[in-house]
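The values are calculated or read from the model by the stated rules, or taken from the named source; none is laboratory data. Remember, predicted model here, so these are calculated numbers, not experimental data. In this analysis, Cβ positions are derived from the backbone assuming ideal geometry, glycine residues included, and neighbour counts consider all displayed protein chains.
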Amino acid sequence: MNQLIPRLRHTRNGDGAILLDIDKGKMFSANATGALLLELLSAGLDDATIIAQFAQRFGIAPEVAATDLTSFRAMLKRHSLSTAPTEQMG
């Protein structure tokens, strides 16, 4: 399960989502797909559920959804917005 940092705040907007690291004062934006992944991760869902919901919502293959989830996690980790390993599957 992904561990978003406690200092991370996020909200949806018309284009996707805005993320704020309140300690560092850094803002990030996410497109609509990133906003959905952020919501699903924040809900504490397991990977299989996140992948299934993401694939269904965007009409993509589960394998593509899994790759997108891994890439999104890597972006969160790169910007120190997550404490969890990039790869969770398993």
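Screening 18, 22, 60, 50 for residues that are among the β-branched types (Val, Ile, Thr) and under 11 Å from the mean Cα position of the chain (by Cα) leaves exactly one candidate, 50. For segment 15-38, a residue qualifies if it is of a type in the set (Val, Ile, Thr) and closer than 22 Å to residue 50 by Cβ, and the qualifying residues are 18, 33. Scanning segment 1-45 for residues that are assigned to a strand (DSSP E or B), over 22 Å from residue 56 (Cα atoms) and not polar (S, T, N, Q) yields 4, 8, 9, 10, 18, 19, 20, 21, 26, 27, 28.
In segment 1-24, the qualifying residues are those that are surrounded by fewer than 19 Cβ atoms within 10 Å (Cβ to Cβ) and in contact with a Lys or Arg (Cβ under 7 Å, 6 or more places away or on another chain), and the one that is nearest to residue 82 (Cα to Cα) is 21. Residues of segment 46-71 that are surrounded by 13 or more Cβ atoms within 10 Å (Cβ to Cβ), among the aliphatic types (A, V, I, L, M) and part of a helix (DSSP H, G or I): 50, 51, 52, 55, 64, 65, 66, 69. With respect to the conditions (1) of a type in the set (A, V, I, L, M, F, W, C); (2) touching a helix residue (DSSP H, G or I) at 6+ places or on another chain (Cβ under 9 Å); (3) at pLDDT below 90, residue 28 falls short on a single one, namely (3).
Has segment 72-83 got at least one residue that is in a loop (DSSP other than H, G, I, E, B), out of contact with any Pro (no Cβ under 7 Å at 6 or more places or on another chain), surrounded by 16 or more Cβ atoms within 10 Å (Cβ to Cβ) and modelled with pLDDT under 90? Yes, segment 72-83 contains at least one residue that is in a loop (DSSP other than H, G, I, E, B), out of contact with any Pro (no Cβ under 7 Å at 6 or more places or on another chain), surrounded by 16 or more Cβ atoms within 10 Å (Cβ to Cβ) and modelled with pLDDT under 90. Checking each residue in segment 25-45 for being more than 12 Å from the chain's Cα centre (by Cα) and exposed (fewer than 12 other Cβ atoms within 10 Å of the Cβ) picks out 25, 27.
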